[in-house]
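The values are calculated or read from the model by the stated rules, or taken from the named source; none is laboratory data. The structure displayed is predicted, hence computed values, not measured ones. Reconstructed Cβ throughout: ideal geometry from the backbone, glycine too, with neighbour counts over all protein chains shown. The accessibility values were calculated without ligands, DNA or RNA, using every heavy atom of the protein model including side chains. Shrake-Rupley method; radii C 1.70, N 1.55, O 1.52, S 1.80 Å.
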Amino acid sequence: MTNIGELLIDAGLPRERLDECRRAAASSGETLDRVILQKGYLPEPQLLQVYAHALGFEYRESLDGLSVPSDFVNSVPVHFARNYNLVALPGSTQDVLKVATCAPLDPHPMDDLSSLVGREIDPVLAPRLEITTLIGRAYRHKADGVDEAIADVAEDGDFAHLAEEIDDAEDVLDVSNKAPIIKLVNTILFQALKMRASDVHFQSYADRMQVRFRIDGLLYNMDSIPRRVQDAIVSRVKIMGKMDIAERRLPQDGRATIKIGDGEVDVRISTVPTSSGERIVMRLLDKTAKLYTLNEIGLTAENEEMLREYLNYNHGIILVTGPTGSGKTTTLYGGLSELDTTTKNVLTIEDPVEYSLQGISQVQVNAKKGLTFANGLRAFLRQDPDVMMVGEIRDLETAEVAIRAALTGHLVFSTVHTNDAASTITRMVDQGVEPYLVSSSLILVIAQRLVRRVCPDCKEHVEITEETAAKLHKVGIDPAAMDGKIWIGRGCEECFQSGYSGRTAIYEFMKVDETLRTQIMEGATASTMKRSAVERGMITLREDGRQKILLGQTTPDEVLRVTQMDMD
């Protein structure tokens, strides 16, 4: 390992920083690679490639599409795999297990794993996010101990000690020596994170409490919890969210941070009293989730090129619109991540800050302290910004500040809740913004929806039935153009028998050109503006959905589900 220092220097790490990291590693007992990563001196993929080269290990940039051997899942506890970021890969033999790791200098977990599986370990280096994603997929269907945790919950829960057991960031993997109720809630949350759920619902019924997960936009019933445990669960969740346990007649909101291994997840908690008891919804915001780039979010080549062009404008407003949970923030982050933050000052004000972006200053809204979107934007104007993002334009004050910023030479990104691109313009005018200000500041409006992707594991090319043909006609596709066949998902374990896995977006890009500016000034209706834009070549949401059906990415059911209000 004598040449690792030189290899690190060749990879772009200055010698003085290498010496600094070596001193820090020696004094803290941390490994050199961990210290370099913690200080952010080299990106993880580059660092791992250096170590792979020096140690003679294989390096894999992506583990996408790989399946984990079932004997690994059955013999290695999920908390061990998660804690040490270790997962077996295909290609293992009876004597040697091929294992992905992101910590090449820490041999102890490898030794423990070798004892656990009774085989020699052949390390393969891979980025941490790739490993955690693969672990999540591998253990998704393994029993999580929810039944066992339910059985452990005592009938008469004593809640007095629960408050003492809440850390600043509760680790849901750590269920040892925990009270049964804490173990149950943590186990449910871990199961939700493993299954890529965005929300967890605890719904009260007369005879039970039903746990439901929202996955890829749809709710799925999970475990049923006995009615006698309901109060204990509500109290536990309220303690996590630092809410009032005694208040059961009014809605409450809370916030918590939970840990999963060394990653953190923000949880927004809402409770509402119903006739059969309190109902809880927990929204999960995984800070370690993958940040998507523009070429991964479903943009056509034409739309991607158009968005990149507008990202280089030095002033104006780019609005992304769609209902809650339609991927607007993901699109905005995709755009922001393309910006050159070394030459541009980029600031965002969000509620909440969903992902952490390198080189960008992100501010969290705090209405109680008076930090609103509008006030934050005003403060930004005194920070010499080039690009600003405001989470949402929901009132006249925020709209006016955003427009003033755009007219004084800044590029502003934001979101609005409307059905399509054209109605975004009329919404701003309805809020009280003068039409001439809208027409002179707005440069691009993007409407979007999320459609579920056909599951790659059970995807089949099947004959078009009469029912499917009717749906294709409704979407605007002639079944003859598809040679009488269509791609669908049959349903498998990987996709919970739904036939869908993951989501992609469909888009409608409306450029604010001279014709549209004139129409805004004249007070044209949204339908007039949209019809005119389509005549000038705008691709509607439904048209974009049609293209994705023809490519086999989604189905007519999905496109019809999310474009009910759309006209061709």
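Return the only residue of E130, E155, E120, E165 being at pLDDT 80 or above, surrounded by fewer than 18 Cβ atoms within 10 Å (Cβ to Cβ) and not hydrophobic (A, V, I, L, M, F, W, C). On inspection, the qualifying residue turns out to be E120.
Each row is one residue, and each column tells you yes or no for (1) among the aromatic types (F, W, Y); (2) open to solvent by less than 60 Å² (accessible area, probe 1.4 Å); (3) more than 27 Å from the chain's Cα centre (by Cα); (4) more than 19 Å from K183 (Cα to Cα).
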residue: R214; (1), (2), (3), (4): no, no, no, yes
residue: L219; (1), (2), (3), (4): no, yes, no, yes
residue: R227; (1), (2), (3), (4): no, no, yes, no
residue: I233; (1), (2), (3), (4): no, yes, no, no
residue: I239; (1), (2), (3), (4): no, yes, no, no
residue: D244; (1), (2), (3), (4): no, no, yes, yes
residue: A256; (1), (2), (3), (4): no, yes, no, no
residue: V281; (1), (2), (3), (4): no, yes, no, no
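Across the range 22-39, the qualifying residues are those that are closer than 24 Å to G359 by Cβ and free of Cβ contacts under 8 Å to residues at least 60 places away in the same chain, and the one among them that is most open to solvent (accessible area, probe 1.4 Å) is Q38. Candidates I486, I446: the one that is farther than 30 Å from Y310 by Cβ, part of a strand (DSSP E or B) and open to solvent by less than 30 Å² (accessible area, probe 1.4 Å) is I486.
Annotation note: of E338, E354, the sole residue that is within 18 Å of H410 (Cβ to Cβ), in a loop (DSSP other than H, G, I, E, B) and either charged (D, E, K, R) or within 20 Å of the chain's Cα centre (by Cα) (or both) is E338.
Being in a helix (DSSP H, G or I) and open to solvent by less than 30 Å² (accessible area, probe 1.4 Å) holds for only one residue in P45, P109, P104, and it is P109.
The condition (being over 35 Å from the mean Cα position of the chain (by Cα), β-branched (V, I, T), open to solvent by 60 Å² or more (accessible area, probe 1.4 Å) and closer than 30 Å to V320 by Cα) is satisfied by just one residue among T528, T465: T528.
Would you mind telling me which numbered condition in (1) of a type outside the set (D, E, K, R); (2) in contact (Cβ under 8 Å) with a residue 60 or more places away in the chain; (3) within 25 Å of D513 (Cα to Cα) V451 fails? If we test V451 against (1) of a type outside the set (D, E, K, R); (2) in contact (Cβ under 8 Å) with a residue 60 or more places away in the chain; (3) within 25 Å of D513 (Cα to Cα), just (3) comes out false.
Is it true that E494 is part of a helix (DSSP H, G or I), among the acidic types (D, E) and over 26 Å from the mean Cα position of the chain (by Cα)? Spelling it out, it is not the case that E494 is part of a helix (DSSP H, G or I), among the acidic types (D, E) and over 26 Å from the mean Cα position of the chain (by Cα). Any residue at all in the range 382-394 that's out of contact with any strand residue (DSSP E or B) (no Cβ under 6 Å at 6 or more places or on another chain), open to solvent by 10 Å² or more (accessible area, probe 1.4 Å) and closer than 30 Å to S532 by Cβ? Yes.
State yes or no: is D351 at pLDDT below 95, in contact with a helix residue (DSSP H, G or I) (Cβ under 9 Å, 6 or more places away or on another chain), open to solvent by 20 Å² or more (accessible area, probe 1.4 Å) and farther than 29 Å from L37 by Cα? Here the answer is no, as D351 does not meet what is asked. In the range 296-346, the residue that is modelled with the highest pLDDT out of those that are open to solvent by less than 50 Å² (accessible area, probe 1.4 Å) and aromatic (F, W, Y) is Y310. Within the range 489-508, the set of residues being surrounded by 22 or more Cβ atoms within 10 Å (Cβ to Cβ) and either more than 30 Å from Y220 (Cα to Cα) or aromatic (F, W, Y) (or both) comprises Y500, Y507. Scanning the range 296-326 for residues that are part of a strand (DSSP E or B) and on the phi < 0 side of the Ramachandran plot returns I317, I318, L319, V320, T321.
Here are some residues: S28, S67, S75. Which one is within 30 Å of S501 (Cα to Cα) and more than 25 Å from the chain's Cα centre (by Cα)?
Sole residue among the options that is within 30 Å of S501 (Cα to Cα) and more than 25 Å from the chain's Cα centre (by Cα): S75.
Among the criteria (1) under 16 Å from the mean Cα position of the chain (by Cα); (2) closer than 26 Å to S439 by Cα; (3) among the hydrophobic types (A, V, I, L, M, F, W, C), the one A289 does not fulfil is (2). Within the range 1-21, residues that are closer than 20 Å to P45 by Cβ and in contact (Cβ under 8 Å) with a residue 12 or more places away in the chain sit with their Cβ atoms under 8 Å from residues that are open to solvent by 30 Å² or more (accessible area, probe 1.4 Å) and of a type in the set (S, T, N, Q), at 6+ positions apart or across chains, in these pairs: A11/Q46; A11/Q49; G12/Q46.
Would you point out which residue out of V387, V363 is under 19 Å from L442 (Cα atoms) and either in contact (Cβ under 8 Å) with a residue 12 or more places away in the chain or touching a Cys at 6+ places or on another chain (Cβ under 6 Å) (or both)?
Numbers: V363 fails: under 19 Å from L442 (Cα atoms).
Result of the check over V387, V363: V387.
Picking from residues in the range 48-74 that are open to solvent by less than 50 Å² (accessible area, probe 1.4 Å) and touching a Phe, Trp or Tyr at 6+ places or on another chain (Cβ under 8 Å), the one that is nearest to E296 (Cα to Cα) is L48.
To keep it simple, each residue is scored yes or no on (1) within 14 Å of V200 (Cβ to Cβ); (2) open to solvent by less than 20 Å² (accessible area, probe 1.4 Å).
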site: P251; (1), (2): no, no
site: G263; (1), (2): no, yes
site: D286; (1), (2): yes, no
site: T293; (1), (2): no, no
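Pull up the range 76-93, narrow it to residues that are outside any helix (DSSP H, G or I) and among the polar types (S, T, N, Q), then point me to the one that is farthest from T187 (Cα to Cα).
T93
Could you please find all residues in the range 539-554 being under 14 Å from C455 (Cα atoms), part of a loop (DSSP other than H, G, I, E, B) and open to solvent by less than 20 Å² (accessible area, probe 1.4 Å)? G552, T554 - these are the residues of the range 539-554 that are under 14 Å from C455 (Cα atoms), part of a loop (DSSP other than H, G, I, E, B) and open to solvent by less than 20 Å² (accessible area, probe 1.4 Å).
Inside the range 426-443, residues that are hydrophobic (A, V, I, L, M, F, W, C) and part of a helix (DSSP H, G or I) make up a count of 4.
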